[in-house]
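K.L.:
Pasting a structure below so you can have a look.
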Amino acid sequence: MFEKKVVTYSRESEEKRFPIKPKYIMKFINSKYKMEKSIAKLEKQSGKDSAKVTQFRQATNNIQNFIKVNQLEPM
């Protein structure tokens, strides 16, 4: 499970999370895996223009960019 939680100065929090199989974690961190299968599956279930699909895609891109910009690695 990847998770990113942001807390603002006004104590509001925003949480983004999504499940990922352990074998894809390093590929995701290195930007070699973009969650295409999960997004396609969600599009099939909810429709291409669904808010769920948009939020999921934004969450994966946001977390992946955050990892890349801050040069994060698993512990």
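K.L.:
Test of the criteria: in the chain, which GluC sites (Glu not before Pro) are in a DSSP loop and have at most 16 other Cβ atoms within 10 angstrom of their Cβ?
P.N.:
Numbers: sites: GLU3, GLU12, GLU14, GLU15, GLU36, GLU43; in loops: GLU12.
Loop-located and lightly packed - GLU12.
K.L.:
Inverting the mean 1/r over all pairs of different Cα atoms, compute the Kirkwood radius of the chain and quote it in Å.
P.N.:
Every distinct Cα pair counted, the radius reaches 13.3 Å.
K.L.:
Can you list residues from other chains, or at least 5 along the same chain, whose modelled amide H is less than 5 Å from the amide H of PHE2?
P.N.:
Hits under the 5 Å cutoff: PHE18, ILE20.
K.L.:
Roughly speaking, to the nearest percent, how much of the range 32-75's 1.4 Å accessible area is carbon and sulfur? Walk me through the intermediate numbers first.
P.N.:
Details: 1800 of 3550 Å².
Taking all protein chains in place, the range 32-75 shows 51 percent carbon and sulfur surface.
K.L.:
Suppose a student asked you for the relative contact order of the chain, using Cα pairs under 8 Å spaced at least 6 residues apart; what percent would you report?
P.N.:
Answer for the chain is 27 percent.
The values are calculated or read from the model by the stated rules, or taken from the named source; none is laboratory data. Owing to the predicted nature of the structure, the values given are computational and were not obtained by experimental measurement. In this analysis, Cβ positions are derived from the backbone assuming ideal geometry, glycine residues included, and neighbour counts consider all displayed protein chains. Remember, those area values only see protein heavy atoms, side chains included, never the ligands or the DNA or RNA. Shrake-Rupley method; radii C 1.70, N 1.55, O 1.52, S 1.80 Å.
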